[in-house]
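The values are calculated or read from the model by the stated rules, or taken from the named source; none is laboratory data. As the structure is a computational prediction, the values presented were derived from the model and not from experiment. Virtual Cβ from ideal backbone geometry, glycine too; neighbours counted across all protein chains shown.
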Amino acid sequence: MNSIRWNRIKDKAFQVVGVASTLIGLILLAVFIGSILEDGLRRLDWDFLTSLPSRKAEKGGILTAWAGTLWIFVLTALIAIPLGVSAGIYLEEYGHKGKLDSLLEVNITNLAGVPSVIYGILGLEIFARTMKLGGSLLTGALTLALLVLPIIIVATREAIKAVPDSIREASYGMGATKWQTIRYQVLPAAGGGIATGIILALSRAIGEAAPLIVVGALAYVPFTPTSPLDEFTVLPIQIFNWTSRPDPGFIVNAA
């Protein structure tokens with residue numbers, strides 16, 4: 001009886017600690033967001049969104065930065081999503097589970113933890129110099145696609161792995177081929193997990209500054225890009241540039 005009562009006390013204590021930890025995290029997040037909004041909302045208006053960067057804080061805007069971010073987001077998604085989902089499907093559904101597949105699985109999982117600046121160095125050497133793309137949007141998108149591919153592949157594999165085998169067996173029993181089973185049964189069932197992985201991957205991509213700085217993204221661009229081969233800047237680099245300046249007005253712009 002004492003043992004049962006003690007276990008209940010421990011369960012209750014764990015629940016209290018868990019709820020308290022969650023509340024502390026939410027409160028700190030709310031304070032952090034509130035502080036940013038307090039500093040930045042007074043500067044946020046249509047002129048700020050549609051103005052070019054300037055040496056004067058009160059005249060500077062983020063037009064080129066958000067335009068470059070949008071370009072990078074779209075190009076990275078077009079490159080990374082098809083490759084990542086296809087690789088995940090192959091490794092989980094068509095792989096032979098041999099030594100080579102095990103080696104690929106370990107390496108892909110490890111690549112998800114590689115620092116982003118390493119991908120920047122890789123992109124600089126392969127895309128900017130070897131392929132002679134320079135510091136263009138395409139170079140940045142290809143570099144970020146390499147960065148987020150492991151995340152999409154791992155998420156796709158885990159989502160497919162969670163689909164019950166009974167769904168596959170029922171599809172095969174109805175005469176469907178392997179690809180028909182994957183397309184019409186497995187992928188719809190795994191769609192939620194795959195979408196979550198894609199969202200997390202692209203969220204990381206648009207928040208990166210280090211690899212883009214390495215491949216040649218600029219801190220100041222006086223024009224909006226019109227093609228994938230144009231030079232560019234993005235919001236994280238613009239924020240980094242503003243926060244490094246001594247004028248308090250730029251700190252407000254960054255917020």
Index of the failed condition, Arg183 passing every other in (1) within 25 Å of the chain's Cα centre (by Cα); (2) free of Cβ contacts under 8 Å to residues at least 12 places away in the same chain: (1)
Residue identified as in contact (Cβ under 8 Å) with a residue 12 or more places away in the chain, surrounded by 16 or more Cβ atoms within 10 Å (Cβ to Cβ) and outside the structural domain of Ile182 (by TED's automatic domain parsing) among Ala87, Ala80, Ala145, Ala57: Ala57
Residue selected from the range 221-251 under the condition under 13 Å from Gly135 (Cα atoms) and either modelled with pLDDT under 85 or in a strand (DSSP E or B) (or both), by the criterion farthest from the chain's Cα centre (by Cα): Val221
Checking the condition modelled with pLDDT of 75 or more and more than 26 Å from the chain's Cα centre (by Cα), which residue from Gly25, Gly18 passes? Gly18
Only residues that are without any contact (Cβ under 8 Å) to a residue 12 or more places away in the chain and either within 21 Å of Leu142 (Cβ to Cβ) or part of a loop (DSSP other than H, G, I, E, B) (or both): list them for the range 188-213, please. Ile199, Ser203
Among the residues of the range 87-144 satisfying the criterion of being under 17 Å from the mean Cα position of the chain (by Cα) and outside any helix (DSSP H, G or I), which is farthest from Thr156 (Cα to Cα)? Pro115
Return the residues of the range 173-187 that are surrounded by fewer than 11 Cβ atoms within 10 Å (Cβ to Cβ) and part of a helix (DSSP H, G or I); say none if nothing qualifies. Gly173
Can you run down the residue pairs with Cβ atoms below 8 Å, 6 or more apart or on separate chains, where the first is in the range 60-77 and at pLDDT 85 or above and the partner is of a type in the set (S, T, N, Q) and surrounded by fewer than 20 Cβ atoms within 10 Å (Cβ to Cβ)? Thr64/Thr224; Ala67/Thr224; Gly68/Thr224
Among all residue pairs at least 6 apart or on different chains, which show Cβ distances below 8 Å where the first residue, located in the range 214-230, is free of Cβ contacts under 8 Å to residues at least 60 places away in the same chain and the second is β-branched (Val, Ile, Thr)? Ala219/Thr233; Ala219/Ile237
Taking the residues in the range 214-233 that are of a type in the set (Val, Ile, Thr) and closer than 16 Å to Leu146 by Cβ as candidates, determine which candidate is surrounded by the fewest Cβ atoms within 10 Å (Cβ to Cβ). Val214
Could you tell me which of the residues Ala170, Ala155 is surrounded by 20 or more Cβ atoms within 10 Å (Cβ to Cβ), in a helix (DSSP H, G or I) and hydrophobic (A, V, I, L, M, F, W, C)? Ala155
Could you list all residues from the range 41-54 that are touching a residue at least 12 places away in the same chain (Cβ under 8 Å) and farther than 17 Å from Ile237 by Cα? Arg42, Arg43, Asp47, Thr50
Check on Lys10, of a type in the set (D, E, K, R) and assigned to a helix (DSSP H, G or I): yes
